[in-house]
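Here's the structure we're looking at; comments come further down.
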Number of protein chains: 2
Amino acid sequence: MDLSQIGEFGLIGILKDKIAKRADTVVGIGDDAAVIEIRNNYKMLNPKNKTKYLLVTTDALVEGVHFRIEKGNKQFFFNLGYKALLANISDIAAMGGYPTHALATLGLPPKTKVESIEQLYAGINALAKRYKIDIIGGDTVASPKALFISITLLGEVEKKNLLLRSGAKTGHLICVTGRFGGASAKKYAIGGARYSARIRTARLLAKSGAVSAMIDSSDGLAPSIGEICKASKVGARIWEAKIPIAKGAALSQALYGGEEYELVFTVQKNQLEALKRKKIDIAVVGEVVGTKKEIKLVDNEGKIKELKSDGFDHFK
Amino acid sequence: MDLSQIGEFGLIGILKDKIAKRADTVVGIGDDAAVIEIRNNYKMLNPKNKTKYLLVTTDALVEGVHFRIEKGNKQFFFNLGYKALLANISDIAAMGGYPTHALATLGLPPKTKVESIEQLYAGINALAKRYKIDIIGGDTVASPKALFISITLLGEVEKKNLLLRSGAKTGHLICVTGRFGGASAKKYAIGGARYSARIRTARLLAKSGAVSAMIDSSDGLAPSIGEICKASKVGARIWEAKIPIAKGAALSQALYGGEEYELVFTVQKNQLEALKRKKIDIAVVGEVVGTKKEIKLVDNEGKIKELKSDGFDHFK
């Protein structure tokens, strides 16, 4: 059965039945807007610590640009839904927060199989369930020429735990989680379900008080460090020998491959031991130097090269 | 100049400069997620009245489905951006609330002119400015075959002012703002800047305490009444003679034309006079009857017909 047979309203009916329910979701899908209880009512007890910020992020994937539909791959639509939500969760993690509610907009060619859409939602729901995210809305529209998926994710962070890109200072160490270049070495179009978002580690880092700036690595390691440098008005020096390169990946793939959802962050030197005692699995790859927004790579022979810090540009 | 020349990062630079700034926007565009101050801190003073809900809605428009690009029309892209945000504002209004923050995702063919994108944002910004909405994020992606725009809008509503679709009861009057069928009689593809969102009227209605259910009319008058009936588990009877039909429009266009952003709501009979005293410009078009979810139209000869209450389905 394809979409043109069951139609938009049939689809909304199917999707509505699959929705989880958080205690703070007052109205989910089905009215003009979703309604969420704002749980920020602890001012009397502990004015500073309990006061939270609301976080919002959005990320879109377009057929032919970010992915091609792999007809022989039965996991494809599951992975696509999974990855679309994962990219957003990773953004919330990089702020030091945790996700709460998501809206999923699908642009669907009318010939799309209903089973494919169910798989896509199964991928979204698998991650949503794991991280206790409610799907509270979205839009389902026809898109005759290319499938697209656009997810908006809400989250929360305690004020004291908020981590921006802009806090790095000269002398801070540049650290990462995980390994780099694996997705691009393996040519994963939609690596999707192969990855986790680093929510747990990000929360530990945020609560540690040791981290001065954080970003996720979805645009690639070097561009992510470049974004911290730009926002913090600093430079970076990284050591080739210290970069955790994924098995089978080249250095260039580790630096620019992207499509991975690791954390890149800066730490005050005297706080590193404290982080290590907490058994958070991180690697130091470089240090913040000076105020010139450039990234230098010290290679394995000790030679210094300047690194390009631009991300991949889909319009060029 | 087209997009493939300035690129994604150039575009983000252009857009970032145009952002307004609300006092509760802590971080707008430029980090992994936007950060918003949750202003719900009045529990000590007035525990019930000051406690708000967060509202979230999203709406997408796709080229070839919701609009065709009118090359000769210099206002086209302005109107498109305006309409994309208007549709979302109308949804927040229909909940009794007011909008606060928006995220705008654009899917753009690389040959799109930069001037067109600036016009599109000018349309979004014109409305955002009028209603004090901050554009705090979004995503700009390539979409080779069709332009699309997907906006997510946040808003707030005091708990006591929240209006759902589900509160209509037998005996309540069915009321509307404005006139119907004009957009479809004039074949506006993107009527955009010709319309306003009924935020002010919606807020007056919500605060009046007289309204039991509300929805916006973007899917058409009859389908909107149908949604109230479905959610409230009631039936409706409407009078042809009472429907405010736009000049030049036929009854069928008034009932099913859609693409208008009026309010459709139900009011307890004994509250109608109080509303009229407040000089809110509304028309009574029918009444809530029984518990069978059907809409009957009483025509000008007194004959009763059953009305289809389905909206337009883009997949069929």
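The values are calculated or read from the model by the stated rules, or taken from the named source; none is laboratory data. All figures in this text were calculated on a predicted structure; none of them were measured in a lab. Note that we place each Cβ from the backbone using ideal geometry, even for glycine, and neighbour counts take in every protein chain shown. All accessible areas refer to the heavy atoms of the entire protein, side chains included, with ligands and DNA or RNA removed. Shrake-Rupley method; radii C 1.70, N 1.55, O 1.52, S 1.80 Å.
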## Note on the structure
In Å, the Kirkwood hydrodynamic radius from C-alpha pairs for the range A:232-316 sits at 14.7
### Summary
So, in nm and shortest first, the distances from residue B:251 to its counterparts in the other copies, with label points 7 Å along Cα→Cβ, work out as 7.9
### Task
Write down, largest first, the equivalent ellipsoid semi-axes of the protein assembly as shown in whole Å, where each equals the square root of 5 times an eigenvalue of the alpha-carbon gyration tensor.
46, 26, 22
### Task
Sequence neighbours fewer than 8 away in the same chain don't count; with that in mind, list the lysines whose C-alpha is under 25 Å from residue B:247.
B:83, B:186, B:187, B:276, B:279, B:296, B:303, B:305, B:308
### Message
If the only charges are +1 at each Lys and Arg Cβ and -1 at each Asp and Glu Cβ, what is the size of the charge dipole of the protein assembly as shown around the Cα centre, to the nearest 20 debye?
### Response
1720
### Query
Over all pairs of distinct alpha carbons, what does the Kirkwood formula give as the hydrodynamic radius of the range B:91-167, in Å?
14.1
### Task
Would you kindly find the accessible area of residue A:130, with a 1.4 Å probe and non-protein molecules such as ligands, DNA and RNA excluded, rounding to the nearest 10 Å²?
120
### Peptide-level mean, for A:257-265, of C-beta atoms on other protein chains within 10 Å
0
### Query
Taking Cα centroids, how far is the range A:264-289 from the range A:190-263 in Å?
13
### Message
Suppose R0 equals 35 Å. What FRET efficiency, 1/(1 + (r/R0)^6) with r the Cβ-Cβ distance, do residue A:292 and residue A:68 give to the nearest 0.05?
### Response
0.30
#### Entry: Alpha carbon Rg of chain A, scaled by the compact-globule rule 2.2 N^0.38 Å
1.06
### Query
What 222 nm value per residue comes from the helices of the protein assembly as shown, counting each DSSP H run with n ≥ 4 as -39,500 (n - 2.57) and dividing by all residues, nearest 500 deg cm²/dmol?
-8500 deg cm²/dmol
### Query
Do you know the relative contact order of the range B:87-175, to the nearest whole percent, from alpha carbon pairs under 8 angstrom that are 6+ apart?
48
### Summary
Sorting B:183, B:304, B:23 by the position of each Cα along the dipole of chain B (Lys, Arg +1; Asp, Glu -1; all at Cβ), the one nearest the positive end of that ordering is B:304
### Query
Around residue A:250, what is the net charge, scoring Lys/Arg as +1 and Asp/Glu as -1 over all other residues with Cβ under 14 Å from its Cβ?
+2
## Note on the structure
Within the under-12-Å Cβ sphere about residue B:150, not counting residue B:150, Lys/Arg +1 and Asp/Glu -1 give a net charge of -4
### Task
Would you work out the relative contact order for chain A, in percent, from Cα pairs under 8 angstrom that are 6 or more residues apart?
21
### Message
With a 1.4 Å probe and all protein chains left in place, how much of the accessible area of the protein assembly as shown comes from carbon and sulfur atoms, in whole percent?
### Response
50
### Query
If you count, for every residue in B:80-93, the Cβ atoms of partner chains within 10 Å of its Cβ, what is the mean?
1
### Query
How well do other chains shield peptide B:146-153, expressed as the mean number of their Cβ atoms within 10 Å of each residue Cβ?
6
### Query
Restricting the count to DSSP beta bridges whose residues both fall in the protein assembly as shown, what percent are antiparallel, rounded to a multiple of 5?
75
### Summary
Karplus-derived 3J(HN,Hα) from phi for the range A:28-33 (6.51 cos²θ - 1.76 cosθ + 1.60, θ = phi - 60°), whole Hz, x at Gly and Pro, runs x, 5, x, 10, 5, 8
### Query
So, with +1 on the Cβ of K and R and -1 on the Cβ of D and E, and no other charges, what is the size of the charge dipole of the range A:225-316 about its Cα centre, to the nearest 20 debye?
380
### Query
Of B:204, B:307, B:55, which has the most accessible area and how do the rest follow, probe 1.4 Å?
B:204, B:307, B:55
### Query
Computed on protein heavy atoms with a 1.4 Å probe, what is the summed buried accessible area for the chain pair B and A, in Å² to the nearest 100?
5900
### Message
What's the magnitude of the charge dipole for the range A:60-148 around its Cα centre, counting Lys and Arg as +1 and Asp and Glu as -1 at the beta-carbon? Answer in Debye, nearest 20.
### Response
240
### Summary
With the label set 7 Å along Cα→Cβ, residue A:293 is separated from its counterparts in the other copies, in nm and shortest first, by 5.4
### Message
Suppose accessible area is computed on protein heavy atoms with a 1.4 Å probe; arrange B:134, A:59 from highest to lowest.
### Response
A:59, B:134
### Task
Would you kindly work out, in nm and rounded to one decimal, the distances from the label point of residue A:23 to those of the same position in each other copy, ordered shortest first, with label points 7 Å along Cα-to-Cβ?
3.2
## Note on the structure
The ³J(HN,Hα) series, computed from each phi in the range B:65-71 with the Karplus coefficients 6.51, -1.76 and 1.60 at θ = phi - 60°, rounded to the nearest Hz and given as x for glycine or proline, is 10, 9, 7, 10, 6, 8, 4
### Query
Rounded to two decimals, what is Rg over Rh for the range A:136-289 when you use alpha-carbon atoms and the Kirkwood radius?
1.01
### Message
Net charge around residue A:80, counting only other residues with Cβ within less than 11 Å of its Cβ (Lys, Arg = +1; Asp, Glu = -1)?
### Response
0
### Query
Roughly how many Å² is the accessible area per residue of chain A, as a whole number, for a 1.4 Å probe?
42
